[in-house]
Amino acid sequence: MKNYFNLNEFKNGKKATTKLGNPVKFITMTGDKMLVKVYHRSRVIGFSEKVVAPMMEGSVEKYHTDGRKYRNTDTMYDLVMETPSRPRDSNGRFTKA
């Protein structure tokens, strides 16, 4: 099934993630774009050292209303609606089924 993004569902509280699996939270609309907070599960420092960042840490980023980070380009940073097959707890962490 193709990944999809629905702006109205996202604004009304349905959970979404980036294609990488990072949870996101809707903040507000700014003209024709939206501001979302992306909670990073990990980040890369330097070229070879990978450090896991705390769930509380995140960044505010702009997205187009179709869920794409960059216009007319599909990337792993694009937003998709979360499927119920991967349940999360209230902090956004994956839980066991």
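Where a number appears in this text, it was derived from the coordinates with a stated rule and is not lab data. The shown structure was predicted, so the numbers you read here are calculated from the model rather than taken from an experiment. So basically every Cβ, Gly included, is an ideal-geometry build from the backbone, and we count neighbours across all protein chains shown.
For the residue pairs K33/K69; K69/K96; K25/K62, the alpha carbons lie more than 20 Å apart in K69/K96. The aspartates and glutamates whose alpha-carbon is closer than 12 Å to the alpha-carbon of K19, local same-chain residues fewer than 8 away aside, are D74, D78, E82. Ranked by the mean number of other Cβ atoms within 10 Å per residue, highest first, peptides 90-96, 6-12 order as 6-12, 90-96.
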